[in-house]
Amino acid sequence: MSSHHAQAQGTSRATIGMIAVSAAAAFLATFNETFLNVALTPIMTDFGVDVSIVQWLATGYLLVAAVFVPVSNVLYHRFPTRPLFVAAVALLVVGSVVGALAPSFDVLLAGRLLQAIGTGLLTPIGMNITLAVAPREKLGLAMGIMAAMTTLGPSMAIVVSGALLTIAPWSTLMWVFGALSLIVLLAGAVLLRNVAELGRPVLDVLSFLLVALGLVGLLYGISTAFSGSALIAAIAAVVGVLALAAFVVRQNRIEHPLLDLKPFRSTSFVLGVSMTMLGLLFVFAMNVVIPIFLQSVKGQTPMGASLTLAPGILMTVVLGPVAGRLFDRHGGRVMIPVGFTIMAAFALLVGVAAGHESVLLFAALYVPAVLATSLVIGPSQTFALSSLDRESSPHGVTVVSTSFQIAGCLGTSLAIGVYNALTTLDLGNGSDLLGASILGFRGAAALVALTSVIGIFLAFAATRAARAARAARAAEAETIEPGRTRTVVDLMKTDVYALSTEQNVLEALQMFTERGISGAPVLHPNGSLAGFLSDGDVMRYLSAEHPSSTNIYSFAIGESDDLEDALADLVSLPVMRLATREVVTVDANASIADAVAVLSDKHLKKVPVVRGETGPVIGIVSRSAVNRLAIFSYLASREGQVQPADDETAVEREPQLA
């Protein structure tokens, strides 16, 4: 039984705590991306720098964060989850202190970039934790919460920073963020446990340098295209593209790639990531251009401009999890294109309202626009990641997390670039500042409306891709080679949790707890089957050796002393001391009927599938898999009355079986 299946019986407090910490980390990471933006003007005054210098506090942050996202995947599988999480958040705390005490702009920038390293590591770590512990049938809800926090972060940062700057200097922002980071650090230290499958992945330095050069070159070129030398921007972008191309080539050639590119083989994943980026681009673009417009044209204070955004922001937090639940039940076939349509329509209406005097009308029209992003970002992200298998999911998370930073940089740079370019052009044509600024804002609004229209087409393409994937799965399930009897290979799950003969029993119990399973095969180093260990084997041992600790639930009622002593004895006990050595198996060439007979006669829920009498374990065939095949075959025989689930996740919604 997989961890998802166990959690399906009810999400535990530990799971809820870990998802909450992950959501808080997602909030921190995106909150800090715009938290300092409102303070750029006083920072320029204090340190005597111009806008071309001070903008690196925002652009440099996004660039460095994007560069370190791919590194997180290596670290995630090399170090235990809790200390890795704590170390990443600690970088945010230290960077905040350095920035708050900075005597010069260079020191402030150094502190900001230190925070960016933590952000680049933290975003995918939090998402991986959520994917690892969230039940499959509640994945949409969990990712909806993550998406809500991701959307809330940059928006709420503008509101909070605007309020703080009315009563305190800009350095207060660094202290406040440091305090928030410290709270999340302590929560992670208490609530998290290891959820990653640890190994010793190697960090390929050349791959890191290539992806760093590629992302920095590409994003620098885009960010300076409107405000700097067009030639330099073009050169930087070309260098970035070439470096990324070299990065892709190297990943396909080396044994331990920095980023596994398998997720890109999935059309559903690529479309899901693209739709997520378009939703995030909308959020970042509007959240940077609206405050600028309201302050420079409408005469709003930073606080007033922030409060204009607040209603939509707060309502988005509520709608994010709701959208996740709707996606779990109905999929995104309707939800995602409707979300993009609302975004496009109301972005244009906001642009029209920019020419009217009423700020209230402006704010009211923006509410449905930002609310609609909840129908897009979370569901699109879930759609992308749920199309991957367990092995590819961490690499998919890395891609999605990198896309956050890229979308932020693109949204910020393009919106400000279009706004400034059209404003300057209209001023040159003789218009006054008010008229020119309105034109600039409407150009930025039209830009995000256009990207939303593109999102509509991508959503329809995603629906077609999902249907094609379902049809392919159905065809694969129904089609076998002429004359060949269906075997357990056609039915088994290859995603198997297993123990090694070198592990001790306490490590086995830890894996059972983390994965939510009741037992696992024990394998020799060559992959052949050595035995099978279940929690029942362990309980029988404890009952015999430590009679007073038989009830493992004594932990739940506070009577844990005896059991704690008993479990401590398991550290030195090899798994093979308790494992069943005579394991019932089925051969890979066995028919489905043979597997059914074994499961029925032996009263088993699942049986390891082996290749040859002493060959390696290649999968697990289970009673529930047989049941699903029987039901599917019956429904499919009813003249096409069975319809696929109305979603486009392009992945089985049932839990993966251990």
Efficiency by 1/(1 + (r/R0)^6): what FRET value for LEU360 and ALA446, r their Cβ-Cβ distance, R0 = 22 Å, to the nearest 0.05?
0.45
Post the alpha-carbon centroid distance, region 275-304 to region 36-99, in whole angstrom.
21 Å
The percentage of Cα-Cα pairs in region 204-257 separated by more than 18 Å is 35 percent
Would you mind getting me the FRET efficiency between MET44 and VAL249? Use the beta-carbon distance for r and R0 = 60 Å, nearest 0.05.
0.90
Sum up the charges of everything whose Cβ sits under 11 Å from the Cβ of VAL211, counting Lys and Arg as +1 and Asp and Glu as -1, but leave VAL211 out.
0
When you count, for each residue, the other Cβ atoms within 10 Å and take the mean per peptide, how do 617-627, 365-375 rank with the highest first?
365-375, 617-627
Region 293-444: D in µm²/s via Stokes-Einstein (Kirkwood Rh, Cα pairs, 37 °C, 0.692 mPa s)?
189 µm²/s
Compute the FRET efficiency between ALA20 and ALA110 as 1/(1 + (r/R0)^6), taking r as their Cβ-Cβ distance and R0 = 25 Å, and round to the nearest 0.05.
0.20
Sorting GLU507, GLU502 on the 10 Å Cβ count, fewest up front, what's the list?
GLU502, GLU507
Out of all Cα-Cα pairs in region 47-135, roughly what percent, to the nearest whole number, are more than 19 Å apart?
43 percent
Contour minus Cα-Cα span, LYS605 to ALA421, at 0.36 nm per residue, comes to 59.6 nm
Sorting check: for 267-280, 201-214, 590-603, which peptide has the highest mean count of neighbouring beta carbons within 10 Å, and how do the rest follow?
267-280, 201-214, 590-603
So, over other residues within a Cβ distance under 15 Å of LEU40, counting Lys, Arg +1 and Asp, Glu -1, the net charge is -2
Quick one: grab the alpha carbon gyration tensor of region 339-388, order the square roots of its eigenvalues as a ≥ b ≥ c, and give me rounded if a/c is under 1.5, else prolate or oblate depending on whether a/b is larger than b/c.
prolate
So how do 89-100, 576-587, 417-428 stack up, highest first, on mean other-Cβ count within 10 Å?
89-100, 417-428, 576-587
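Here, each number is a calculation from the coordinates, and none is a lab measurement. Treat the numbers as computed from the prediction; the structure is a model and nothing was measured. Virtual Cβ from ideal backbone geometry, glycine too; neighbours counted across all protein chains shown.
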